[in-house]
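Undergrad: Once you've had a glance at the structure underneath, I'll fire off some questions.
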Amino acid sequence: MTDISILWDVASGRGDWGFSPFSIAGQQISVATPVAFGYGDGAATQFALAPTAGPISAVVSAQIYRNDWHGNQLLYPTPRTNRIRQSANMTVAPWQTSNGTAFIGTVTQSTDIAAPDGTATAVNKLVVVNNSNLGARSTHTAPAGQRTGSIWAYVPSGQSGVVGLWFNNDYGDTESGSIVTTSVFDAWVQLTSTANVASARTWQDFNLKNGNNTNLPVGTIVYLAFAEDEDGAGGAYIPVTTADVTVTDYTLSSTGLVTLASAAATGAVLSWSGAYVSNVASGGFLQTGNDLQTAVLLSLFTDRVANSDDFIPDGTGDPRGWWGDVGEDTPIGSRLWLLDRSKQTQEVLNNARDYITEALQWLVDDGVVASMDVQTEWTRDTFLGAQIMLYQPAGPGVALTFAWAWQQIS
């Protein structure tokens, strides 16, 4: 193994283990095609981005997606606000038609079909009662700028004269949004349009017509659910009752830990694309095979220099350590030797855990392992045991178990 060698100090006639330094190369990795990194279970909110070529040292850019009942939806790290009122119940105020006090049709809450998210929540069942444009207005205040309106619609098949839906999310005189048509039946479809609104306004109109731009026939049944009038480009549905609701879909740490504002539904798939920096250690072979175990052995069983306030158990006052550590920021070895002649106490267990973590921290700092867990216990009289789990940046974790016997531990 080329990165561990015996060094000999001729002047003092002393030898010790030494490590040749690692070089750390920062390489930017592009993730062009979205990569799955988590699966919803209805409870978990934290997930680590999955690397594709080396560990993630720093995220350069990221787009986070969640594939659930919305479809494959882009999530946003910035606040989003839904300003519509009663987004799920269109039978109550402030819902009204653009020129009256009720829908052009009858509207009731119905459980004939499940809501778009698969729940048994009641949805809005509309029945057209005259041959006119089916429209509804929600009265609320929204600022100027880009706005996105959407509503989920379900058209049962077999209705004579119905060929689909023609949807205009009307923002008034400054409307510049798109017209959306659909010919999908017996399935929920999200209808969306956007506009750049020049000034603040106090309403939003939802207009539905036949897919060929004619009025829907009398008696047509349309189910509607989950309406939104959202600032910006729009995103996943935000439930609202009587006041604006603002959410931030997620936060992202610099090293790739995603924290969702709410747990992903069971079965939802989280994926990401973007770019990150990978710091790859070179100049040695400590990242694979038995070399990692050898590095741990050398780190634990060579004597690290004692701190100035440490008690020297053998009474000599010799702080030990390696002469080559003089002037170095991080000495090699461990201070486990300070536990010789200690009593069998919880304090000794705690100190042993701290000394082991201290001795192996360089593996994390140099990117050889991503993280580690250390546990200590008394396995039997005068024997202290340690379980060490090293989590590699790529590949399986490495579990190591040790037991030490010190003289005069009692």
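Undergrad: Can we say Thr246 is part of a strand (DSSP E or B), at pLDDT 85 or above and open to solvent by 40 Å² or more (accessible area, probe 1.4 Å)?
TA: The answer is yes for Thr246.
Undergrad: Still on this model: For the stretch 392-402, check the following and say yes or no: at least one residue is at pLDDT 85 or above and closer than 28 Å to Leu257 by Cβ.
TA: No, the stretch 392-402 contains no residue that is at pLDDT 85 or above and closer than 28 Å to Leu257 by Cβ.
Undergrad: Taking the stretch 46-74 as the search range and keeping residues that are of a type in the set (S, T, N, Q) and surrounded by 14 or more Cβ atoms within 10 Å (Cβ to Cβ), which one is modelled with the lowest pLDDT?
TA: By that ranking, first place goes to Ser57.
Undergrad: Would it be correct to say that Arg353 is farther than 25 Å from Val277 by Cα, at pLDDT 90 or above and open to solvent by 50 Å² or more (accessible area, probe 1.4 Å)?
TA: Yes.
Undergrad: Still on this structure, please answer the following. Looking at the stretch 222-245 only, could you name the residues that are charged (D, E, K, R) and either under 19 Å from Ser193 (Cβ atoms) or within 22 Å of the chain's Cα centre (by Cα) (or both)?
TA: Glu228, Asp229, Glu230, Asp231
Undergrad: Scan (1) under 30 Å from Leu338 (Cα atoms); (2) open to solvent by 60 Å² or more (accessible area, probe 1.4 Å); (3) at pLDDT 80 or above for the single condition Asn290 breaks and write down its number.
TA: It fails just one condition, (3).
Undergrad: Would it be correct to say that Ala36 is within 20 Å of Gly367 (Cβ to Cβ) and modelled with pLDDT of 90 or more?
TA: No: the conditions fail for Ala36.
Undergrad: Kindly indicate whether Thr251 is assigned to a strand (DSSP E or B) and either surrounded by 17 or more Cβ atoms within 10 Å (Cβ to Cβ) or in contact (Cβ under 8 Å) with a residue 12 or more places away in the chain (or both).
TA: Criteria met by Thr251.
Undergrad: Same structure again: Restricting attention to the stretch 196-241, and to residues there that are β-branched (Val, Ile, Thr) and open to solvent by 20 Å² or more (accessible area, probe 1.4 Å), which single residue is nearest to Asn89 (Cα to Cα)?
TA: Thr241
The values are calculated or read from the model by the stated rules, or taken from the named source; none is laboratory data. What you see is a predicted model; the values in this text were computed from it and never measured. No Cβ is skipped: glycine too gets one built from the backbone with ideal geometry, and neighbour counts run over all protein chains shown. Note: accessible area is taken over every heavy atom of the protein model, side chains too, but ligands, DNA and RNA are not part of it. Shrake-Rupley method; radii C 1.70, N 1.55, O 1.52, S 1.80 Å.
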